[in-house]
1. Any residue at all in the range A:421-432 that is modelled with pLDDT under 85 and surrounded by fewer than 17 Cβ atoms within 10 Å (Cβ to Cβ)?
2. For the range B:92-113, how many residues meet the condition of being of a type in the set (Ser, Thr, Tyr) and part of a helix (DSSP H, G or I)?
3. Among (1) assigned to a loop (DSSP other than H, G, I, E, B); (2) of a type outside the set (S, T, N, Q); (3) more than 10 Å from chain A (Cβ to nearest Cβ), there is one condition B:Leu45 misses while meeting the rest; what is its number?
4. Go through the range A:404-417 and give me each residue that's in contact with a strand residue (DSSP E or B) (Cβ under 8 Å, 6 or more places away or on another chain) and either outside any helix (DSSP H, G or I) or under 14 Å from A:Pro386 (Cβ atoms) (or both).
5. Provide a single number: the residues in the range B:123-132 that are modelled with pLDDT of 95 or more and away from chain A (no Cβ under 12 Å).
6. Please verify whether the range B:81-94 includes one or more residues that are at pLDDT below 95, surrounded by 24 or more Cβ atoms within 10 Å (Cβ to Cβ) and aliphatic (A, V, I, L, M).
7. Return the residues of the range A:153-184 that are of a type outside the set (Gly, Ala, Ser) and away from chain B (no Cβ under 14 Å); say none if nothing qualifies.
8. Which residues, taken from the range A:16-37, are more than 8 Å from chain B (Cβ to nearest Cβ) and under 22 Å from the mean Cα position of the chain (by Cα)?
Amino acid sequence: MRAAGRLISLELRHNAMPLMLPLIAALFWLTTYRKVMAMPPLWNVRAASLQMNSVIVFVAPLAGAAAWMGSRESRRRVTDTVSITPRARWARLLPTWAATTIWALVAYLGCVAVLYGATARQASWGGPLWWPVAVAAASLPAFTALGFAAGVFAPSRFTAPITAIAAFFILVVSTELIIGSHSYWQITPVVAYAWDLGADPGVATFYPFLPDLPIAQLMFLGGFTVTLLGALALTSEGARALRIAAVGLTVAGLAVAVTAVMLAGTGTMDAHGMIRIPALHDAADDQPVRFTPVCSRTAIPVCLNPAYSSYLAATAATLEPVLEQIAGLPGAPVRILQEAAAYKQDTCQGPGSRVRSGTCSPNGVEINPGSPMSGGSPLVYRLLLPAQLPGPALTTAQMASQTRGDGWDMVRNFIGDGPGASPAQDAVTAAIIMAGKQPGATATFIQNGQDGTDAGRAPGLTTGTPANAAAKRFAALPASARHAWLAGHLAALRVGQITVAQVP
Amino acid sequence: MTSTTRLLRLYAVSRRVPFALIAIAACAVALRVMLLGHWDAYGALQLPLVIETAAATATAATAASVFGEPERVTGRWLPYLRLTATLALTAAAIGALATAAATGAHLAGGDLVMARNLAGITGLGLLCAAALGGGLSWTGPTGYLVAGVYALYTVWHGPAITTPWLWPARPPHDLGGLLSAGAVFAAGLAAVTVGGARDRLSNGE
């Protein structure tokens with residue numbers, strides 16, 4: 001044991017990996033750190049991106065360095081010299097592979113520490129996700145085993161570059177082959193989320209991170225590594241017992257890897273946007289995460305998941321003008337509560353198309369609010385933040401612009417406006433939104449479905465119509481007069497018993 | 001066989017030039033096969049970049065000498081042989097990939113982008129050969145491949161990285177990208193021509 005430790009320590013000092021560290025650090029900074037730090041400080045999004053990007057950063061330098069180390073005996077023409085040592089070839093080679101892997105793991109853990117350290121300072125809720133870290137870490141021994149085996153079996157000056165580029169190529173192309181959530185290619189360690197959905201900030205916040213796919217990936221990577229190391233022992237000279245053990249190791253590794261691939265093929269995207277593998281699934285992971293929402297001090301409190309607390313001020317400021325208009329009226333919500341999104345695959349007509357009250361991701365995943373817009377007693381209005389949907393990180397201004405539409409929807413829902421509503425309902429809805437001094441909120445503008453509103457939700461309020469005039473008239477009233485009139489006439493307005501002429 | 005031809009042949013064999021030519025031909029075949037598929041916007045630029053890098057590393061790998069230091073005292077032709085072999089292999093790589101793309105396939109970015117990328121990355125490999133040794137000439141190109149693929153990704157998923165030093169992400173006729181790639185190729189070629197790869201005898205194959 002002491003000899004093995006000394007051998008590894010020697011190999012650590014004479015390894016090609018330290019040469020790779022500046023390159024890996026530069027690539028990590030360029031492709032991972034800058035990108036991840038520009039993302040919202042949500043553990044789920046950053047962990048997934050860390051896994052994907054760090055695997056891509058490490059694969060080529062690592063496979064190449066391992067191939068270089070694997071071909072060392074041949075390169076230095078000492079194969080015959082060392083073959084007369086009392087140790088079996090496999091026992092000689094293993095410390096070289098182990099040293100290469102140790103260097104890689106140290107470099108990777110350094111990267112994780114930097115990134116997770118920065119995220120810990122920024123994130124408002126939750127904690128580090130370790131499954132994505134584990135998958136990327138497990139991919140490193142697999143890459144070194146692949147490169148090392150290539151270097152041992154085919155030593156040449158071309159082996160290291162060919163191995164490095166081929167490993168990178170396979171990794172990149174494998175993601176192009178993923179179609180749907182049943183794909184066997186999801187086993188590739190680059191995949192950190194449902195591939196068709198992409199890195200969605202709404203996933204793994206309201207519900208726990210599902211470890212099903214990471215478990216299958218760890219099985220695959222472990223099996224793959226053992227198979228390659230076993231194959232090294234198979235081709236080495238040594239005692240019969242060692243060869244038998246090598247056969248057992250290779251077969252076991254191969255069986256585990258193949259099983260993992262088959263398991264990945266049984267995956268489906270669940271309603272929470274994560275890959276569920278029935279054979280590996282723990283039902284306890286389907287329970288929502290308990291949290292105490294953070295709420296604004298508006299007339300009607302706006303309450304968000306604490307992970308999104310950085311969006312609270314902007315969301316509350318955007319909704320506050322309309323909330324002040326309806327607060328205290330009969331049927332008004334007592335609070336606005338952020339909710340989880342519900343995901344469904346293979347139902348969209350095309351990217352960006354609208355489905356029910358939700359939307360479609362670029363790869364055709366349907367995303368809807370997880371529950372009806374309003375409900376419960378006392379009444380709660382449920383809100384799906386734009387920041388919960390896939391896409392580039394939103395600025396505060398972009399968030400506010402997109403949330404404004406939710407405020408308008410809230411008023412429509414409150415008045416009972418929508419297809420089939422009376423002109424008076426259209427007029428009062430438009431008036432409340434205008435009175436809330438929402439940017440761009442003119443009666444025509446709102447009702448024609450522009451600027452974030454959904455065309456066709458409340459048609460008929462065009463310039464010059466009595467409804468338009470009523471809307472302007474009602475919006476011009478003092479807030480207290482509007483409030484008093486609504487308190488007395490809201491029930492009749494909702495059932496269509498108020499005419500445009502009756503709107504003050 | 002004249003002595004010059006013999007010298008060229010022996011030099012080529014000692015640098016594994018025939019194997020490099022086979023690797024370049026394999027890259028051309030791989031590019032042609034790859035172009036049979038329909039790749040999305042940046043995939044159509046990223047995948048050829050992988051092939052171009054492979055061809056460039058094959059060229060740069062020939063800088064390694066199996067003889068190391070002793071070879072340097074053998075005569076005055078060595079720099080010319082290095083220059084000729086490197087230029088010939090780079091030209092062969094560009095020609096092979098252009099031929100592969102010309103046989104009824106569409107290469108995103110065109111031949112100019114391919115030649116620019118390949119020459120620049122070859123230069124990077126040659127610089128690594130001069131600095132680290134011929135056996136490690138692949139380190140720069142493979143690292144640059146990751147950066148280049150990412151830079152192409154950022155063109156579609158901003159903010160885009162626009163430095164001309166990451167020329168794979170620059171448009172075909174971008175002067176900055178062409179100059180950067182050209183400068184790196186010239187520097188690499190000069191370094192290897194004058195000083196050869198930084199090889200030790202113990203690192204030969």
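1. Scanning the range A:421-432, I find no residue that is modelled with pLDDT under 85 and surrounded by fewer than 17 Cβ atoms within 10 Å (Cβ to Cβ), so the answer is no.
2. Here is the first cut: in the range B:92-113, the ones of a type in the set (Ser, Thr, Tyr) are B:99, B:103.
Next cut, part of a helix (DSSP H, G or I) only: B:99.
Result for the range B:92-113: 1.
3. (1)
4. Start the filter on the range A:404-417 by keeping residues that are in contact with a strand residue (DSSP E or B) (Cβ under 8 Å, 6 or more places away or on another chain), which leaves A:406, A:410, A:413.
The one that is in contact with a strand residue (DSSP E or B) (Cβ under 8 Å, 6 or more places away or on another chain) and either outside any helix (DSSP H, G or I) or under 14 Å from A:Pro386 (Cβ atoms) (or both): A:Asp406.
5. Total satisfying the criteria: 3.
6. Taking every residue of the range B:81-94 in turn, none turns out to be at pLDDT below 95, surrounded by 24 or more Cβ atoms within 10 Å (Cβ to Cβ) and aliphatic (A, V, I, L, M).
7. Step one: filter the range A:153-184 for residues of a type outside the set (Gly, Ala, Ser), giving A:153, A:155, A:157-159, A:161-163, A:165, A:168-173, A:175-179, A:182, A:184.
Those that are of a type outside the set (Gly, Ala, Ser) and away from chain B (no Cβ under 14 Å): A:Phe153, A:His182, A:Tyr184.
8. Scanning the range A:16-37 gives A:Phe28, A:Trp29, A:Thr32, A:Tyr33, A:Arg34, A:Lys35, A:Val36, A:Met37.
The values are calculated or read from the model by the stated rules, or taken from the named source; none is laboratory data. Because the structure is a prediction, the values reported are computed rather than measured. Quick reminder, even Gly has a Cβ in these numbers, built from the backbone with ideal geometry, and neighbours come from all protein chains shown.
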